[in-house]
Structures are given as C-alpha cells and as structure tokens.
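Asker: This is the structure I want to talk about, given as structure tokens.
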Amino acid sequence: MDITQNNTDQQKNTTQRYEVLQELGDCNTSVGNYEEAQRCYEKAASVSPDEPGPYVGLGVIALQKNLLDDARIAFRVACRLDPDCSKAYAGLAMVAQQNGDHRSAFDMYLKSLELDTDNLTALLGLFQTSCRMGSFVQVTYYLEAYLDIHPGDISVMFTLAALYMKDNRFEQSKKILLDILALVPSNKDAINLLEEVEHKLAQRESTG
Amino acid sequence: MMEKDHKKKAEPLVSVLLPTYNRRSVLPTALSSVVRQNYSNLEIFVIRDGGEDVSDIINSFNDPRIAFIDRSENRGKAFSLNQALLQANGKYIAYLDDDDLYYPHHIGTLVNALEDGSNCQVAYSDLHRTYCRIGPDGEREVLSKILDISRDFDRFFTLCFNHTLHVSLMHTREILEKTGTFNEKLNILIDWDLTRRLSFFTDFHHVHEITGEFYHPVGDSDRISARYHKEQDEYVKNFLAIRTTRPPKPWPKIKDMSIILTMDGLNEQVQDTLVSIWRHTFYPYQVYLPLRQSEFGKLDMEIPNVVTVPVESRASKEQSIDAALTECDGDVIAIVPAAFPIRNLWVEDSLYALVNSSVSKEAFELEDSTYKLWAVILNREDLDYARKNFPHLPLCQSLKAAGIIIRRVLAEEIPFQYDQLLEQARAAEKDGNWLKAAQTFGYIAEHYQNKLWIRTQAVRAFFKAGLHTQAAQLVHQVNQQRPTVDTLLLEARLNRRKDCKSAIEILEKAEQMLEFPFNQVLQNDPVFKEKI
C-alpha cells in the first residue's frame, strides 16, 4: 500500500485511545460514577504509561472516597511522571489539607499555581488555607493573575473584592463589585458587600 | 438498509485478492474481515508470496470460497496479484493487504456504488489510518484511528500522484483488458500505477463512507513502501516509470498530449530539455523531435516517449513543426523551443485550462513563454487548420490568421487549487493561526466538493480558535453524518461543561469506534476468536 500524504503530525505523543479514556474518566468522576471512572483511568494508564493524567484522576477518586494514603500515592506518581503537573500538586495539597497540615497544603497550592495560574482548584484551596493561616498576600496575587485570564469569573471576582476590603483597599474592592453587578445586577452578595464597602469609604472620607 | 438493497437483485461475483508474505500473526484478522462480509458472493484468493507457511491458517477457515495460491518463491506483490487475476472470475475485483481489514459493509457498499448506473468502472471508499503499537508477541494495539485522506476523484491529481488506496478500491474485471494488469517490473507504487492507468478509461465513484482500515505501526514500518521510500534512487526510478506509462489507446477519458520540440540542431541543451521534460511532466505525453538525417543516431539516451521525426536538412522551424504534426497523434499539441525552461507544472497549468475550456479556437501561451522562447499549447484540430490554411506564415501568425485567440492562463484556471488551499489551511494550523485555518477550511467547504471531510477538518480549527459555538454546531452536524474518533472527542469536550452525561455517551461511541470491529463482529465469531 502506498501512502499519499505525510501525516506524521497526526502521530501525536498522546493517542486517541488515551484521550478518550482520560476524558471518559474525568466525565464519570464529575457525575460521581467512580467505579467506571477508575476503570477508564486504569486503562488509560496502561495505554499511555508515561502520562500523569490517569494518576491524577485516580488520586481524585481516592480523595472522594477519603482514602488519603491512596490519593497521596497516586498524586506522587503523577508528579514523578511530570514534575510540572499542576493538578498533581493541587491534589497533594488537598491531601495535606484533609490531614490538617495547612502549612504543607499552602506550599503545595502555591507550587501548583506557579505551574498553572489558571488552576481554579488550587486557587480556591490557597484561599481556604490562607484564611486558616491569616496571610492573604500571595493569594491576592494569584487571584489577580487568574482574573487576567478569566475576567468574568464572578466567584473569583467576589473573593478578590472581599480580600481587598479586608486589606482596606476599598476603591479596588468597589470597582470589582461594580463589575460583578454590571454582569449580574441581582447578585445579592455583591450588593451587600458593596453596601459595606461604600460605608467604609464614607467613614474614611468623613475622618479625613 | 444496505443489505436489503443488494438482495433485491442477484449479487454479482466479487473476486477479493489478498497477497501475503511473512505476516502470519495478522493474516487471520484480514482474512476474517473478508469472510465475514455482509456480502456473500465472493471468491477469495489468498496468495502466499513465499515466506512462512500459512496453509494451516487458510485450512482452519474451512470456507469453500477461499482459493489458496501457495507459492514458496517470493516474486513480489505485482506478480502475486497477476497470478490471482488470471484465475479470477468476478465481475468486480477488490484488494486487501494482509495487515489491513475491511469493515463488514465494505464489499456491499462498493458493489452498490458500481451497480448504481453511474457508468463508473471504479469505486472507492474512505479508510481509517489506524495507528497501532506492536506488542512483543506481534499483537497490535490500536492507538488512534484517523481519517486523513478523503478526496473526491481528481483525474489530474491521480495522474500526478496517488490518492486512492487499493484496499478501498473496487473495479470491474473487464477494464483490465484495456489497462493491462499489474506491472511486475515495479517494486513500489504498483497500486498507483494501476490506478493511474484506470483513470485513462473511466471516472471513479467516491463513496463517502469509511469501510475499512489500514494499519500504520508506530515506529519502524515493515511496509514495502516505507522501505523503498528510504531508497531514493529506486523510488524515483519507479515513480518516473509509472508517470511515463502510456496504456494502449483509445483513451476515452484522457486527451493525449504531443510535445513538438523545435530546435536549431541536436545539442546537449536539447538532450537536457528532454531529460527535464521526462522528470517534470506528469500528464501523459509523447515528445516529437524533428531531426535532420545527419543527426539520427546522435541522440544517445534512453528516454521514454520520444519519437524522432526526419526532416530535410534545410527545413525551417515551421516545416519541422508541420513534419512532426503529420507523425503525431496527440489530441492537444504543445510546441516548445528546445531551450525552454522546464519546471514542475511547466505545461500542465496551461494544459488544464485548455482541456477544461469550453471556448473553441483558443490557444494558451505557456507560463514561462517569452518573445524569444515562445511556447504554446492548443487543440490539434486548431493547429491543423492553421497550418493547412496558412503554411507560409510563421507559427504564431498562422494561428492568429486562423482566428485562434492566444492568451495566458488565468489564476482561477490552474489545477490543484483545492490542494493549494488545503496547504494554506494546514500551514495556518502549524503556525497556530487557527482562525485563518478555520476560515480557509470554510472557504474550501463552500467552493469545492467533499464538504463533509473539509468540515471535519474545520471543526478542530474552530475549536482551537476559541469559536466554540461554531465548533459545537459544526461538529454536531458532522457527527450526525459521519462521526470519527476525533470529532466525537471534540463534541464531548464541548458538551462536557453543560451536559456531562451526553459527553459520556459520545465518548463511549468513540471508545467503541476504536475497538471496532473487534468488539462486535469479529470478536463474536468463534472462528476468528480461535485464530487470534
């Protein structure tokens, strides 16, 4: 047989079989069908043993089942396969968080965000651990970075507005809240927080 | 539905030719896929072209439709196919390589296409290119199935290069009386050689269905074509031999081209030009070389399709042309000075415009033609008329005097525009300019045939360009008609956020497609199970 076209670019590192299985695993995890998801991830791992994705998926399932040791092992395998796997570090952070080790969780979330500022799970995890530890400087930076990529993400906008307020940066907080209300005028949380921010601003003006 | 259709009338006999050489591990899969066709009126020739004994495999099928040609000497694929063709009785001939496979509707689909009254004597379908990993025991693990070639029949392209794989092709047996059988002197591209010759005699019917797959191992390939591609000289030799093959006339679908080479005398430049023509011309041609008596015997080269025409020693350029004209039998004639620059498509651009022009009395100056090196192509009858009526005038003036309009080819008249656009789209993809790629694919789908496949290509570009709404609409349409693993994967990704359950259903279809036919047809077959 003679091949007419050179389609070497189609010969990707990842294969369709891997991609389908990984995607099926992720979708089944999303709907809580963990057994099927596990089957898919295990098969995906056997098709492409060098890909970290299936181990991240298996780690997430173990986390859902509260099997923290299994989850840690799976995320570590993923990290070994790809030292730049942001999701795997986020997974390890979640394991640490569940174990009450907020310092490690904080560090792992930071590592995850360094690798991918777009990782929402890591961002929200960092926020949670920051709340626990009372330090918001780094989380503010990553929330801002995230919003640069996803300018309309209301939950992150609200979190940032709340942090600005906590940090006495009322003008910046107000601006974000107004942006939220321009997108969703009926957002009650934003309306309430805006009221509070405006009150603080008025107080500041009156005290000179 | 399809099954019902071909049961309405008697099923014509189809001969399936399956040569094999040292591929014991995969032969059972290939043969099973033929034996388990929905279409039953088959004679199946398995030709052992030397190598390992496979008689046990053949016998285990215990199918009277299988004829086993058991030869211990390795004489090549062309010889093997010809050996089977000598014995074939089918109205139609189909081919399968020992490492490829048909889907169960393959034969029925192609027979339907040939029996539908379109007068085509060749039909072909689409195939998956199946990337697979070979395990230590020789077992294949399917990794991806890509539909990377799906193209409507294009005679010009077929003459230039192959776009129809023989596994996907079926033709009448009787057409071989005109084309001849496989060329046993070739050791590569034998499929294209026959396909090219078939295109001289018939149009091809393209069925837009995926009816089988050919395997593409990841890593080193044991394919003959892959081996010979590495041996450039051998490849070029075969390639040129195919392009200069002229099957016996008459050619109902091809206008023969005669090239009359004008010159002041036989010299090295003439010989170089002849070589260049040989290397750069893909359209069937014959060169007519007017030579003086004294020059005969001085042409020391073996170039195919060169005819020498004796002319008087004092013959003018026009007299030489007229002498050549009496000898040549082309339907279109190109008159070219010996020093003319020859490059790819040097004559085919103008030729394509000429053969597709509906205007009579039109001649085309070749693209690189100049005042000093004037070259032209026109229909033979127009040239005959001009030379008969105005023999005393120089060539160009005689054409004008005969009322022939001489012009250059327009951009929209040149061949391979579809391919050029496709190349532009691919280049845009490589540059990451997905929007441009999507727009180019959109334009091609709008203006050319084979919309379905082009839309399949466009979907990915739309998705990558971030135009998810357009991508979602288009991919849904495509998947309703002819889903592929890639398009199903894409639709699932687009659906996932809003409807995870439907994404799962779509992905399960993709998974089944990757498993097919092993998950359904062959796996449930006890004979097949035993074989693998």
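Asker: For chain A, modelled as a GNM with alpha-carbon contacts under 10 angstrom, which of A:ALA162, A:ALA182, A:ALA71 fluctuates the most?
Answerer: A:ALA182
Asker: Using a 1.4 Å probe on the heavy atoms of the protein chains only, list every residue of region B:472-492 that has 40 Å² or more less accessible area in the complete assembly than in its chain alone.
Answerer: Those residues are B:LEU489.
Asker: A further question on this structure: Per residue of the protein assembly as shown, what 222 nm ellipticity follows from adding -39500 (n - 2.57) for every DSSP H run with n ≥ 4, rounded to the nearest 500?
Answerer: Estimated from H runs of four or more residues: -15500 deg cm²/dmol.
Asker: OK, next. Any idea of B:THR440's accessible area? Nearest 10 Å², probe 1.4 Å.
Answerer: Only protein atoms counted, so the area is about 20 Å².
Asker: Please list A:MET157, B:MET263 in order of solvent-accessible area, largest first, computed with a 1.4 Å probe with all protein chains present. Walk me through the numbers before you get to the answer.
Answerer: Working: A:MET157 10, B:MET263 40 Å².
Per-residue accessible area, sorted high to low, gives B:MET263, A:MET157.
Asker: Let me ask something additional. Could you give the alpha-carbon Rg of the protein assembly as shown over 2.2 N^0.38 Å, rounded to two decimals? Don't jump to the answer; show the numbers that get you there.
Answerer: Values: Rg = 34.0 Å, N = 740, 2.2 N^0.38 = 27.1 Å.
My calculation over the Cα atoms of the protein assembly as shown gives 1.26.
Asker: Another one. With a 1.4 Å probe on protein heavy atoms only, work out how much accessible surface A and B bury together, total over both chains, in Å² to the nearest 100.
Answerer: 3300 Å²
Asker: Rounded to the nearest 0.05, what FRET efficiency do B:GLU505 and A:ASP84 have when you use their Cβ-Cβ distance and R0 = 45 Å?
Answerer: Working from the Cβ atoms, E equals 0.85.
Asker: Against the longest alpha carbon principal axis of chain B, how many degrees, from 0 to 90 and to the nearest 10, is the axis of helix B:77-87 turned?
Answerer: Long axis of B:77-87 versus the principal axis of chain B: about 80 degrees.
Asker: Mind pulling the angle between the C-alpha long axis of helix B:380-389 and the longest principal axis of chain B? Nearest 10 degrees, somewhere in 0 to 90.
Answerer: Around 10 degrees separate the two axes.
Asker: Additional query: For the protein assembly as shown, build the charge dipole from Cβ charges (+1 Lys, Arg; -1 Asp, Glu) around the Cα centre, then report which of B:VAL35, B:ILE175, B:LEU189 sits farthest towards its positive end.
Answerer: B:ILE175
Asker: Subtract the Cα-Cα distance of B:LYS498 and B:GLU515 from 0.36 nm times their separation in residues, and report this length gain in nm to one decimal.
Answerer: That pair, B:LYS498 and B:GLU515, stretches by 3.4 nm at full extension.
Asker: Between the helical axis of B:232-243 and the dominant principal axis of chain B, each derived from Cα atoms, what acute angle in degrees is found, rounded to the nearest 10?
Answerer: 70 degrees
Asker: Please state, rounded to one decimal and in Å, the Kirkwood hydrodynamic radius that chain B gives when every pair of distinct Cα atoms enters the mean of 1/r.
Answerer: Values: mean 1/r = 0.0384 Å⁻¹.
About 26.0 Å for chain B.
Asker: While we're on this one: With 22 Å as the limit, write out which pairs from B:LYS178/B:LYS253; B:LYS249/B:LYS298; A:LYS87/A:LYS166 have Cα-Cα distances beyond it, or answer none. Could the numbers behind the result be given before it?
Answerer: Values: B:LYS178/B:LYS253 13 Å; B:LYS249/B:LYS298 30 Å; A:LYS87/A:LYS166 29 Å.
Among B:LYS178/B:LYS253; B:LYS249/B:LYS298; A:LYS87/A:LYS166, the Cα-Cα distance tops 22 Å for B:LYS249/B:LYS298; A:LYS87/A:LYS166.
Asker: Can you find, among B:SER118, B:SER358, B:SER80, the residue farthest towards the positive end of the dipole of chain B? Put +1 on the C-beta of Lys and Arg, -1 on that of Asp and Glu.
Answerer: B:SER358
Asker: Just to confirm, what accessible area per residue do you get for chain B at 1.4 Å probe, in whole Å²?
Answerer: On the way: 23440 Å² over 532 residues.
Per-residue accessible area for chain B comes out at 44 Å².
Asker: Still on this structure, I have one more. Which of A:GLY91, A:GLY152, A:GLY59 ends up with the largest GNM mean-square fluctuation for chain A, with Cα atoms connected below 10 Å?
Answerer: Highest fluctuation of the listed residues: A:GLY152.
Asker: Take every residue in peptide B:500-509, count the Cβ atoms of other chains within 10 Å of its Cβ, and give the average of those counts.
Answerer: Across the residues of B:500-509, the mean count of other-chain Cβ atoms within 10 Å is 5.
Asker: Would you grab the residues whose amide H sits under 5 Å from the one on B:TYR95? Only those 5+ places off in sequence or on another chain, please, with H modelled 1.01 Å from N.
Answerer: It is B:LEU17, B:LEU169, by chain and number.
Asker: For B:LYS253, what accessible area in Å² do you get when you roll a 1.4 Å probe over the heavy atoms of the protein chains, rounding to the nearest 10?
Answerer: So the heavy atoms of B:LYS253 present about 90 Å² to solvent.
Asker: What's the center-to-center distance, using Cα atoms, between region B:259-309 and region B:458-497 in Å?
Answerer: Here the answer is 55 Å between Cα centres.
Asker: Based on Cβ point charges of +1 for Lys and Arg and -1 for Asp and Glu, what charge dipole magnitude is obtained for the protein assembly as shown about its Cα centre, in debye rounded to the nearest 20? All intermediate terms of the calculation are to be shown ahead of the outcome.
Answerer: Values: 82 positive and 105 negative charges, 141 e Å.
Charge dipole of the protein assembly as shown: 680 debye, to the nearest 20.
Asker: When the convex hull of the Cα atoms of chain A is projected onto a plane and the area is averaged over all directions, what value comes out in nm²?
Answerer: Its Cα hull, projected and averaged over all orientations, spans 16.1 nm².
Asker: Residues of region B:163-196 with the amide nitrogen closer than 17 Å to a label point 7 Å from the Cα of B:LEU86, along Cα-to-Cβ, please.
Answerer: Inside the label zone: B:177, B:180-185.
Asker: Right, another one. Assuming R0 = 41 Å, can you tell me the calculated FRET efficiency for the pair A:ASP101 and B:GLU141, based on Cβ-Cβ distance, to the nearest 0.05? Mind dumping the intermediate values first?
Answerer: On the way: r = 41 Å, r/R0 = 1.01.
Efficiency at R0 = 41 Å is approximately 0.50.
Asker: Rounded to the nearest 0.05, what FRET efficiency is calculated for B:LEU373 and B:ASP431 with R0 set to 35 Å and r the Cβ-Cβ distance? The partial results should precede the final answer.
Answerer: Numbers: r = 38 Å, r/R0 = 1.09.
Once rounded, the FRET efficiency stands at 0.35.
Asker: Name the residue farthest towards the positive end of the dipole of chain A from the options A:VAL31, A:TYR141, A:SER130, assuming +1 on Cβ of Lys and Arg, -1 on Cβ of Asp and Glu, about the Cα centre.
Answerer: Working it through, the farthest residue towards the positive pole turns out to be A:SER130.
Asker: Enumerate the residues in region B:422-456 having an amide nitrogen under 20 Å from the point lying 7 Å beyond the Cα of B:GLN473 toward its Cβ.
Answerer: B:434-448, B:451-456
Asker: Shifting gears a bit: So, counting K/R as plus one and D/E as minus one, what does the shell of residues with Cβ under 14 Å around A:ASN192 add up to?
Answerer: -1
Asker: Follow-up. Could you please state how large a percent of the accessible area of the protein assembly as shown is carbon and sulfur, counting protein chains only and using a 1.4 Å probe?
Answerer: 48 percent
Asker: Residue by residue through region B:475-482, which ³J(HN,Hα) values in whole Hz follow from phi under the Karplus form 6.51 cos²θ - 1.76 cosθ + 1.60 (θ = phi - 60°), with glycine and proline marked x?
Answerer: 5, 5, 4, 4, 5, 5, 8, 8
Asker: Moving on. Report, as a whole number in µm² per second, the diffusion coefficient that Stokes-Einstein gives for region B:383-437 at 25 °C and 0.890 mPa s using the Kirkwood radius over alpha carbon pairs. Don't jump to the answer; show the numbers that get you there.
Answerer: Details: Rh = 14.6 Å.
The Stokes-Einstein estimate is 168 µm²/s.
Asker: What are the ³J(HN,Hα) couplings of region B:339-354, residue after residue, when phi is run through the Karplus curve with 6.51, -1.76, 1.60 and θ = phi - 60°? Round to Hz, x for glycine and proline.
Answerer: 8, 5, x, 10, 9, 4, 6, 4, 10, 5, 4, 6, 4, 4, 4, 5
The values are calculated or read from the model by the stated rules, or taken from the named source; none is laboratory data. Only a predicted model underlies this, so the values are computations on that prediction, with no experimental measurement involved. Methodologically, a virtual Cβ is constructed for each residue, glycine included, from the backbone with ideal geometry; neighbour enumeration extends over all protein chains shown. These area figures cover heavy atoms from the full protein model, side chains too; ligands, DNA and RNA do not enter into them. Shrake-Rupley method; radii C 1.70, N 1.55, O 1.52, S 1.80 Å.
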